[in-house]
Each structure stands twice: as C-alpha cells, then as structure tokens.
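The values are calculated or read from the model by the stated rules, or taken from the named source; none is laboratory data. Model, not experiment: these values are computed from the prediction. We place every Cβ from the backbone using ideal geometry, glycine too, and count neighbours over all the protein chains shown.
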Amino acid sequence: MEKRLYELKPGEAGYVKRIEGEGQIRRRIFDMGVTPGVEIRMRKAAPLGDPLEVTLRGYELTLRKREAAQVTMEVE
Amino acid sequence: MLQFALAGNPNSGKTTLFNALTGSTAHVGNWPGVTVDKREGVYRKGKERAAIVDLPGIYSLTPYTPEEEVTRGYVLEGQADCIVNIVDATNLERNLYLTTQLLELDTPLVVALNRMDVIRKGGGALRAEELEKKLGVPVVGISALKGEGLHLLMERAIAAARKKREAVTKVSEFCLGQAIERVRACVRQEGGRHDLFLAIKILEGDRLAEKFPQARRAAQECLASGGKQEPPVDAEASIADARYRYITETFSGEVCKAQGRGLRGKSDAADRVLTHRIWGIPIFLLILFSVFHLTFSEDFLYLNALFGIGRSVETGNGFLDGFLGAVYGESGIAAPGAILFNWMGAACDGIGGRIAAGLEAAGAAPWAQGLVNEGIWTGLSGVLSFIPQILFLFLLISILEDSGYMARVAFILDRAFRKFGLSGRAFIPMIMGFGCSVPAAVNTRTLADEKERIMTNRVIPFFTCGAKAPILAAVCGALAAQYTGVNAEIIVFALYLFGMAMAVLTVLIMRRTGMRGEVSPFIMELPAFHTPQARALFVHLWDKLKHYLKKAFTIIVASAIVLWFLSNFDWRWQYVGIEQSILYDVGTFIQWICTPMGFGLQLGGFGWVFVVAAVTGLIAKENVIATFYVLAPAIGALLPGWDNGEDGIGAVFALMQATGIGWQALLAFTVFNMLTVPCFAAAATVRAELPKGTFKYTLAFWMITSYVTAACVYLLLSAWWTAFPIAALLALFFGATSIRNRANVAKSQRAKALK
C-alpha cells in the first residue's frame, strides 16, 4: 500500500518509493539518506504534533510533515 | 609544512579530533553545527609538524547553509595537501555518503574511522582494514575522545599527502557512466581542477556549472530525453541514489558489525522520555527553570519560603561568617550558583579592604586613593564577583548542549516557533544567547534562510546574557530589600521570560512588515544522547573564563577609569566633586531623553546616573553595575552596608534612596538595558553575520524597540489602565497587517489563476 511518509503511524515502517518536489529541499532530503528503496521507521511526532522523528540508516532524523509529504512510501 | 583539512558530517567528532591533534581548546557540543567557521592549528606531536584546518560539518558537497559553503569552498580551492575525512563509525551509512563525494576530488584522502571505542564497548566487530580494502584509500580506526590511533592517523595522512591520488567515482557503476565521462572531458578542456567531481556536480545542475558553459551544454544534452515518451533523466536523484546504493551494497556487513549489541538503547530511552508527547514540554520548562534556579536562587530548596528556616549566622569569626553566610543566611540555603557568587563577593570585599588600607598606610594622595578604590577596584570587583556564578550557568548550558538535549529542544519547539515565523533550529542560537550573544550570533550561520538569520540575530540580545544577569540580580535584589513581600528570584525569572516574549513579539511584527516570507524547512539530525564529557566541559569553561577575565581587565577597567575621571574632574581638569564634573554636565544634558522611560527629568538632581549607566552599558553590559558602583559613593549615596558583599544590590539600593527612583522606573531601566543595543563585542559580531550594509537597520531596531518597550513598561506599571490603549494599538497593528496579507494572498492567487 502506498502512503505519504507523514501518514505512517508511530512504530510503522516502510520503504521509500519516490521523492517529489524540487530544489534545495529535495536535495537536502536526498543528502540525509532518504533515497528510493531505503527503509524508514516512524518514531513519533513532536509534542505539538509536528515535526516528525524517523529512523533511517541507523540514525534519527527530524523533518516537518510538510517535507515528509514529498516522500511517498510503500508500506505492507 | 603540509596542510591537512578535517572534513566530515556535523557532530562526527571533528572538533574533538582537532583539539586532540593540536592541543587546542575549541568548543565541542553534541548537536550538528557547533563549528561554523574554519579554524587552524598545528600538529606538533609527530616527527613532522603539520597544519590542521577544522572545517564546519557537512553532509554533502552541495552546500545548503553559509557555513557549509565555507567547507566546500575550502575543499575545492584551498591548499590542503590531504583531506582527513572523519567518519562516525556508529553511523556508517550516512557518513560514507560524504566519503563517496570526497573520493571524486583529486586531493589525497585518508579516512579516520572515529568512535571505535564506542563500537568496542557495544560489542561491535568493525575493522578499519576491511573498509580500507573496499574504499581504496587509507582508513585508520581512532577514538578522538580517548586519543587512540591519532599518531597512526597522522603518519598515514602524511604519507598519503606525498602521493598523488587518482579521483574515483562509485556513481558510474550504477548510472550515467557515459555522461560523466563526456562532461568530464569538457571540464578538462575548460581547465577545471577536480574534473571528475565537477563533472558530476554539473550533471546534478550545481551552481558550479556557471563557470563551465561547454560542460554544462554537454550535461544538458546527455540528460535530455532520448525520445518523446521518455522523460529527461533526473540526475540529482539518480546520483544520490547511486551513492547510497553503493554504500548499502558494499558495506552492509560493516554496518551490521558496527551495530553490535545495539548502541542506542539508553539514548532511545532518554529520547522517549525527554520528547514525550505530553511530558516533553513540561520537562523542558522544568529543566529551563532548574538551570536558573540552580544558578541564582538564594532559597534553593524553598525551605525558607515553606518553613521560614532562614537565619543570619554569627559566630564572631569573620572568615567563618563569610564562608557560612554565603551558604546559609536570612533567605535560607543558597543554590550552588548563588553560593559561588556570595563567596566571590566576600572575597572581593576582603581584597578591596586590603587595597584601601594599604593605600591609606602608604599615604597615597586622595585622588589616587579615589581612583584605585572607587574607580578601578569597584568597577572590577563588580564584574569579578559575578564570574563564578556566570561560569556555573555556562556549565549547566554546556551540559545540555553536550548531552544532545539542545537538538531535542529544537525538535520540541519547532511547531511553536513556526507560529512566530522561525524554525525550531533558530532556538539553538537563541538559547546560547543566555550565555553570551557573541557565539550565539556566530551560530546563526547554521540557519539556511537569510531572513530567519537576520531576525534571529536581532532578537538574540533579548535572551538575557551572562553580563546582563547581574543587572537583573542587582535591581531585583534592591527591590526585594526596599519592598517587603517582593521575591527577587521571581522577578528575575519574569524578566527573563519578558525578554523571550519580546523576542517572539518582535519576530511576529517583523514577519508582518519588512521580513515577510515562508518559514524555512526543518530537516535535522537528532544526535544520540551521551553522557557529557568532563574534559570537554572543562575546556569550554576555561575558554569562557579566559574571555571574561580578559574583558574585565581590559575594556571594563578602562571604562571604569574613564568614568571615574569624568565624574571627578571638571572641564578645566580640576579634581572636583561630582556636581561640577564633566559627567554631570553630559548626563544632565541628555537626561531629558529618558523622561518617557521614567528615569529622566522626573528624577531631578541625580537622575543622570541612570542615563550614564545605560550609555556605558553600550560598551559592555557589565559596566551598568560597575557604573553604579563608581557613582554611588561619588554622589554620596552611601548607606550603611551599601557595599556589604551583596554585589550591586547595595549600590542600587543606595541609589534608590538617593535619587528617589520608583520601582516602575527601575524596572523600565532594566528592560531598556535588556533590549537595547548589546555590548560592543556582540554588536560587532552581529554586524559581521548580517548581509552587508543592513546593520544600520538592526541598530535602529534595537534602539527603537528598547526605547518604546521601556516607555510602555513604565506607563503600564505606573497606571495599569494604559494596558488598554497599548493592547488596542497592538491589536490594530496585527489586524491591519492580517487584512493586508490576506489581500496580498488573494491577489497573487488571482494572478496565478489568470495565467
């Protein structure tokens, strides 16, 4: 099933299918290791609901829902 | 001398390695972006000396913030004989991403595999030799913190620097192999160094392409779609993907071996609690309050407030009284920071007494006694007595930084900050502002967006720094002494919060006027929590101590002397009483300006003292209290015990009696000092961080904000009903700007629809 990264529930994991958007932000997302095929696990949302904390490639990354909306995931 | 550049991901331990190699004491912290400018040192421990350059951390050689620009610029154009790439072994996958890019340069490369001690402790079996075989460049396992492997690292780096290295890329195995070769040939024709690296960047559409028109054309041709059905190749995505694919395919074994028994168990647990959905914010507020309570409270455990246990102790032994009185007194048991402060204050008084007695005995001239006692020593001791307490505050903030909590604070607060028009990342320089505005302003370089950088720089001084803390402590202490039922600590805390609230309010106003725009994105690594290292903390404190002492003995002594001369001599250079002095003339001349803030004409005779204090505060904020000290005896505002060790408090109290200034005006005075133009050092730093030629606006911003706010505070406190017109004006402003913004949005939407 296809989902946006921000739609993952805490503890849920999936594989990145594609990354939309353009420019610097997209580039930054790549540089931080969010590339097609990588597994990302949702940790939690911040106390005020945004940003999100996810685990990928053995480290923790935080990004806003808005940026996470650019990432499409494949979730079982 | 050979030159080595340290490059690596943020928070990978570069600065720790730099310090270990050069014996330097640069500041280390546990959040990405501690090092924001390049720094040079010399390695002396080997047979051969070598220059070491520490660069700001980067994730990739495509820069995103100004500080990353520094690194790329140096790597491409600098004179490094060899790049030492620090790779955090506990985070191999992402760290090696930068390595794949550094391999594409022509410069020799050595990989320092850092944090091997952590890997061993976690039961990991990672070996540097295996990585070396796969990467094709020397790899040395080290622990920068423990100083392991550094000698070998430098030996191999020196050997590598002497040899030429062939640039290699791992990208072409996965995609764009032919395109890279074609563009590379063009770059070579156009005479670029690092042709392989440049070819790949040009294919990615990097800014660097501007210098190589031919290569750019070739790249565009390569990427253009073959037929009408096929979309053009997304080189940026394919190249990033290729790098990571290479890493996961080649190093999956190493990544597994590095993990061992799971290194992040404890860190994860800490993270779960500290960023908890419900408890995260209360815990943050509690920590923030504890930091200030531990530093400033005279009634640490509230035993006096609850049970009234406070007594003044008298044993008859002067030394013992001073020692015990600092810990336990009428207001109860003091917090550690307050104890340090009381001790230092008592020590300063003792030394001051000795100096005065010595001069008296030596039969020094009255003016010389005056200069030393009231000019130099009072000014100096006013600053010195605060140093241990401020260092203690620094220690607590450094512990939070070093543990990794600061990055979590940015995470927790981002949503709230975005409402005001900033990203959570901006909170890190702001909270550093509680210590000192100078490093805080430098840190704004880690912010990607220019408007955000400008606004953050402008509001950093509103986060009351260590040098302003004494003003708050002295004023509130004096108020507590004057009025019964006033708790000094609560007012101090309220003033801290007021400064933060002003930061929020002014950012909101800026976002609605000159700084309109979207909040920049927030994509940040959350580093693993770790126990702060005593050595790193010590180094940081030592650095700060040196900074303060230097400031105290130079700029502050100098301004205290000048001030003393101005307040004791007249225009014809005669030694006179203060009421004929130069300072009196100047002070009374500009006194009227401060009338709306309550410390102008209404104070009559001695009101100018506050005006002068505020002006000297522009040089260094420590001067405000130092000025009180110099001027209080000069205007004869001597009360029994005005100089009894409770620094500043006695001086302010004496001035209150002499000038008749009310609490309203005194608080307005404090607010003015909190919000106005910061000290020389901070103003100069902010100027350097801002885009060229815009500092004058920031200067005007500080002056107008402080003047208007202090006037409002004075009005509000003098007559509570003025809250209504002030609130109405603010509401009018926000209402009007909202309507205008909505109109603008509608207009742009219409314009889009028409297209």
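May I ask you to say which residue of B:Thr107, B:Thr90 is of a type outside the set (Asp, Glu) and within 17 Å of B:Ala161 (Cα to Cα)? Walk me through how you get there before you give the answer.
Details: B:Thr90 fails: within 17 Å of B:Ala161 (Cα to Cα).
Residue meeting the stated conditions: B:Thr107.
For B:Ile523, the requirement of being within 14 Å of chain A (Cβ to nearest Cβ), buried (at least 18 other Cβ atoms within 10 Å of the Cβ) and of a type in the set (Val, Ile, Thr) is met.
Kindly evaluate A:Glu2 against the criterion of being acidic (Asp, Glu), over 10 Å from the mean Cα position of the chain (by Cα) and more than 7 Å from chain B (Cβ to nearest Cβ). So A:Glu2 fits the description; yes. Every test in (1) at pLDDT below 80; (2) more than 23 Å from the chain's Cα centre (by Cα) is passed by B:Gln533 save one, and that test is (2).
Say whether the condition of being surrounded by fewer than 22 Cβ atoms within 10 Å (Cβ to Cβ), touching a Leu at 6+ places or on another chain (Cβ under 9 Å) and aromatic (Phe, Trp, Tyr) is met by at least one residue in segment B:460-474. No, segment B:460-474 contains no residue that is surrounded by fewer than 22 Cβ atoms within 10 Å (Cβ to Cβ), touching a Leu at 6+ places or on another chain (Cβ under 9 Å) and aromatic (Phe, Trp, Tyr).
I need a count of the residues in segment B:609-634 that are outside any helix (DSSP H, G or I) and surrounded by fewer than 22 Cβ atoms within 10 Å (Cβ to Cβ). Talk me through it step by step, then tell me what you get.
Filtering segment B:609-634 down to residues outside any helix (DSSP H, G or I) leaves B:617-621.
If we keep only those that are surrounded by fewer than 22 Cβ atoms within 10 Å (Cβ to Cβ) as well, we get B:618-619.
Matching residues across segment B:609-634 total 2.
Where helices (runs of 4 or more DSSP H) fall entirely within segment B:403-500, those with at least 1 residues that are more than 11 Å from the chain's Cα centre (by Cα) are at B:405-420, B:450-459, B:469-482.
Restricting attention to segment B:61-87 and to residues that are surrounded by fewer than 24 Cβ atoms within 10 Å (Cβ to Cβ), more than 25 Å from B:Lys164 (Cβ to Cβ) and without any contact (Cβ under 8 Å) to a residue 40 or more places away in the chain, the residue that is nearest to the other protein chains (Cβ to nearest Cβ) turns out to be B:Pro63. When B:Ala305, B:Ala258, B:Ala269 are checked against the criterion of being within 37 Å of the chain's Cα centre (by Cα), surrounded by fewer than 18 Cβ atoms within 10 Å (Cβ to Cβ) and either at positive phi or modelled with pLDDT under 80 (or both), B:Ala305 stands alone in meeting it.
Inside segment A:17-65, residues that are under 18 Å from B:Glu525 (Cα atoms), free of Cβ contacts under 8 Å to residues at least 40 places away in the same chain and charged (D, E, K, R) make up a count of 12. Is it the case, given these coordinates, that A:Tyr59 is of a type in the set (Phe, Trp, Tyr) and surrounded by fewer than 17 Cβ atoms within 10 Å (Cβ to Cβ)? So A:Tyr59 fails the test. The residue list A:Gly21, A:Gly37, A:Gly58, A:Gly33 contains one member that is facing chain B (nearest Cβ under 8 Å), under 24 Å from B:Asp206 (Cα atoms) and of a type in the set (Gly, Ala, Ser), which is A:Gly33. Segment B:77-149 holds no strands (runs of 3 or more DSSP E) entirely within its bounds that carry 1 or more residues that are in the same structural domain as B:Gly192 (by TED's automatic domain parsing). Screening segment B:325-397 for helices (runs of 4 or more DSSP H) wholly inside it with 2 or more residues that are surrounded by fewer than 22 Cβ atoms within 10 Å (Cβ to Cβ) and under 28 Å from the mean Cα position of the chain (by Cα) returns the ranges B:336-362. Name the single residue, out of those in segment B:592-608 being modelled with pLDDT of 85 or more and part of a helix (DSSP H, G or I), that is farthest from the chain's Cα centre (by Cα). Across segment B:592-608, the extreme among qualifying residues is B:Trp592.
Apart from one condition, B:Lys133 fits all of (1) surrounded by fewer than 21 Cβ atoms within 10 Å (Cβ to Cβ); (2) away from chain A (no Cβ under 12 Å); (3) in contact with a helix residue (DSSP H, G or I) (Cβ under 8 Å, 6 or more places away or on another chain); the exception is (3).
Output yes when any residue across segment B:183-200 is surrounded by fewer than 20 Cβ atoms within 10 Å (Cβ to Cβ), modelled with pLDDT of 80 or more and farther than 19 Å from B:Asp106 by Cβ, and no when none is. No, because not a single residue in segment B:183-200 is surrounded by fewer than 20 Cβ atoms within 10 Å (Cβ to Cβ), modelled with pLDDT of 80 or more and farther than 19 Å from B:Asp106 by Cβ. Among the conditions (1) within 13 Å of chain A (Cβ to nearest Cβ); (2) surrounded by fewer than 23 Cβ atoms within 10 Å (Cβ to Cβ); (3) more than 21 Å from B:Ala128 (Cβ to Cβ); (4) not small (Gly, Ala, Ser), the only one that B:Ile58 does not satisfy is (2). Only a single item in (1) closer than 25 Å to A:Gly33 by Cβ; (2) more than 24 Å from the chain's Cα centre (by Cα) is not met by B:Asp106, and it is number (1).
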